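The values are calculated or read from the model by the stated rules, or taken from the named source; none is laboratory data. In this text the structure is predicted, and so the values were computed from the model without any measurement. Note: ideal-geometry Cβ built from the backbone for every residue, glycine included; neighbour counts use all protein chains shown. When the accessible area is computed, the model is the full protein with side chains, heavy atoms only, and any ligands, DNA or RNA have been set aside. Shrake-Rupley method; radii C 1.70, N 1.55, O 1.52, S 1.80 Å.
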Amino acid sequence: DKSLDPWVQSISINTGVRSKKHKIYNLGEKIPKQLIQIWDKLSKQKKNCAVWGTMNTSFKDNKYIKIFLPDPWNYQNKVKPKELKKFYELPREYAQNYTNFSFLLNSRKIFSLIFYLIKKLMLLDLIILFLKSLSIFSKKGFKNYIFFFLFDIISLKIFQNLSNNYKLNFSLIFLNSLAHYQHNNWNEHSSHKYYFYFTNQILKIIFELSKNYDSLIIYNGFSQKKIKSQYMIRPKNPKNFFKKIGIKFKSLHSNMTNGAIVSFNTKENFIKAIKIIKNYNIYGFNVFDLITINKNQLFIRVKIRATKNLSREYIDSENFKNCFFYEEKNTILKKNINLNIKDFIKSMIFIKTTSKHIPEGELFYKGIKIKERKIENIKIFNLVDNYL
């Protein structure tokens, strides 16, 4: 498949269709109605299904889809049952705006989530998790990977609570916290013990859940390998940044890395945005990738990376020009400056990257016969369909 990004491969796994055919390459992109996901097919066969957190999904509701929670970057889908909205709103807000998240502005969503969790009789679990997390926060600070692990653990507990209300034939659960840690913190050896602690908690819940099913498949679809640390670049506040450089848009939805889907009200604003983005240069090189999704939507992503976290240090332009490079070619940028480089750096956040995806993944299973330990992602669709 063309891209190893999880939001591309998830569609291939869920539909059995290769990326070169489904052509969905961006997180949050609209999924064609004709694309049949595994739970769509099973629910038509009157199998009760639950879908939890998997990326780039389309919700075609029917009575056999009992539970549905999209990934936090999916702005098109509803949740089911509706009460999940109280849980979904805050993680969604944080996931899309973690670089400029305001606890004050999101206080309603925070309290709504807390009351929802208490209502679900998870108080003891939450207290234990909170006390352990306080200890970790005191040693490591407020690291994003800790929040993502906590989200996965709490979400699994909620799923466990909800699933007790239904007799489910099929459940699909997508977790992102392990991959996030590898992407951003794999070189932090002192944090590895917390990674394994949280992973243990996740697996405990999964194995408890598996007692309600005849079979279990755990797969990562593809894996990662360590790289020398580098930094992705992302606007601290994407909406403010694009407004500042003259782009007028209807809506902007950031993805989990350094891109966003931007929608426009008028053709004039759409064309003007393309021109601005194409002319936004650093050392003579384009800063952004630009992909036209449809006649009123663009996918915009910062395509340069850095060898240092420039947001945390003052460096004269003559000294730091060699810190930028194109991620696809590792090409150092050395040409003339076409923008105020210091203003650019002040408006960006530099996100450490410690790994990259590789095509190979692992497959673990019980209660189901699988001839090969390693199979293509697209074959999982038929594997599940044939089994059920």
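At a 1.4 Å probe, what is the % contribution of carbon and sulfur to the accessible area of the range 1-136?
60 percent
Pull out the extension gain between Lys23 and Lys44, defined as 0.36 nm times the separation in residues minus the alpha carbon to alpha carbon distance; nm, one decimal.
Computed gain between Lys23 and Lys44 is 5.0 nm.
Excluding Lys66 itself, what net charge comes from residues whose Cβ is under 11 Å from its Cβ, given Lys and Arg +1 and Asp and Glu -1?
Taking every Cβ under 11 Å from that of Lys66, the sum is +3.
Modelled label-to-label distance, Thr99 and Gln76, 7 Å Cα→beta-carbon offset: nm?
Result for the modelled spin labels: 2.4 nm.
Excluding residues on the same chain fewer than 8 positions from Lys157, give the lysines whose Cα lies under 18 Å from its Cα.
Straight-distance partners of Lys157: Lys66, Lys80, Lys82, Lys85, Lys86, Lys119, Lys120, Lys132, Lys167, Lys204, Lys211.
Can you give the FRET efficiency for Lys342 and Ile271, using 1/(1 + (r/R0)^6), R0 = 41 Å, r = Cβ-Cβ distance, to the nearest 0.05?
So the FRET efficiency works out to roughly 0.85.
Can you tell which of Thr57, Thr353, Thr199 shows the greatest fluctuation in a Gaussian network model of the chain with Cα springs below 10 Å?
Thr199
Simple spin-label model, 7 Å along Cα-to-Cβ: Asn187 to Leu123 in nm?
My value for the distance between the label points is 4.6 nm.
Which FRET efficiency value, to the nearest 0.05, do you get for Tyr197 and Ile375 by plugging their Cβ-Cβ distance into 1/(1 + (r/R0)^6) with R0 = 30 Å?
Approximately 0.45, to the nearest 0.05.
FRET efficiency for Ile218 and Phe115, Cβ-Cβ distance as r, R0 = 35 Å, nearest 0.05?
According to the calculation, E is roughly 0.60.
In a Gaussian network model over the chain where Cα atoms closer than 10 Å are linked, find which of Leu124, Leu216, Leu178 has the largest mean-square fluctuation.
Leu124
Which one, Ile31, Ile146, Ile217, has the greatest fluctuation when you compute a Gaussian network model over the chain with C-alpha springs under 10 angstrom?
Answer for the Gaussian network model of the chain: Ile217.
Rounding to the nearest 20 debye, state how big the charge dipole of the range 1-89 is about its Cα centre with +1 on each Lys and Arg Cβ and -1 on each Asp and Glu Cβ.
Roughly 480 debye for the range 1-89.
If you take the square roots of the eigenvalues of the alpha-carbon gyration tensor of the range 81-208 and sort them as a ≥ b ≥ c, do you get rounded (a/c under 1.5), prolate (a/b over b/c) or oblate?
Since a/c reaches 1.5 but b/c is at least a/b, the shape of the range 81-208 is classed as oblate.
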